[in-house]
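J.: Quick one: this structure, given as structure tokens, is what I'll be asking you about.
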Amino acid sequence: MENNKTFACAINCMDGRVQDAVKNYMKENYSVDYVDMVTEPGPNKILAENADIAIIENIKKRVDISVNHHGSKVVAIIGHFDCAGNPTEKEEQITHLKKAEETVKSFGFPAEIILLWVDGDWQTVELVS
Ligand SMILES: [Zn+2]
């Protein structure tokens, strides 16, 4: 573990098209050196449904490492255009993001939670809340 580098955490989609956009957004807006990526297909849907306990626990374990071992102070949850894991419109995905936030809050980690939307140009990142 490095002592002088800063981290943030992103519960991101596994989709390769959104990795750079999310990483760059977090590095620019939260002045961190590294972004830990916890990836699943359509993580906003998985966390909103909060039904698959094995996956939820696995996400929690990885966010725990990012927050409590790397010192991440912000955890982003991502939704994006054309998501194969969550093939719904933006509006519904934003509803999922807000429910997902409640699930991640329930983990009880000392970090700010933000919700991000990545557009179809694979560069534009919108802060939902
Ligand atoms: Zn996706």
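J.: Out of the residues in the range 80-95 that are closer than 20 Å to ILE59 by Cα and either within 8 Å of the ligand (Cβ to nearest atom) or without any contact (Cβ under 8 Å) to a residue 24 or more places away in the chain (or both), state the one that is farthest from the chain's Cα centre (by Cα).
T.: Checked the range 80-95; the qualifying residue farthest from the chain's Cα centre (by Cα) is ALA84.
J.: If we keep just the residues of the range 52-72 that are of a type in the set (Gly, Ala, Ser) and more than 13 Å from ALA10 (Cβ to Cβ), which is surrounded by the fewest Cβ atoms within 10 Å (Cβ to Cβ)?
T.: By that ranking, first place goes to ALA54.
J.: Residue check, MET37 against (1) closer than 13 Å to ALA8 by Cα; (2) in contact (Cβ under 8 Å) with a residue 40 or more places away in the chain, all met but one. Which one?
T.: Failing condition for MET37: (2).
J.: Something else about it: Of everything in the range 96-119 that's touching a residue at least 40 places away in the same chain (Cβ under 8 Å) and in a loop (DSSP other than H, G, I, E, B), which residue is surrounded by the fewest Cβ atoms within 10 Å (Cβ to Cβ)?
T.: My answer is PRO110.
J.: Being within 16 Å of the ligand (Cβ to nearest atom), crowded, with 20+ Cβ neighbours inside 10 Å and among the hydrophobic types (A, V, I, L, M, F, W, C) is the filter; apply it to the range 1-36 and report the residue that is farthest from LYS60 (Cα to Cα).
T.: It comes out as ALA21.
J.: If I filter the range 73-81 for residues that are among the charged types (D, E, K, R), assigned to a loop (DSSP other than H, G, I, E, B) and surrounded by fewer than 20 Cβ atoms within 10 Å (Cβ to Cβ), do I get at least one hit?
T.: The answer is yes, given that some residue of the range 73-81 is among the charged types (D, E, K, R), assigned to a loop (DSSP other than H, G, I, E, B) and surrounded by fewer than 20 Cβ atoms within 10 Å (Cβ to Cβ).
Every number in this text was worked out from the coordinates using simple rules, so none of it is lab data. Model, not experiment: these values are computed from the prediction. Virtual Cβ from ideal backbone geometry, glycine too; neighbours counted across all protein chains shown.
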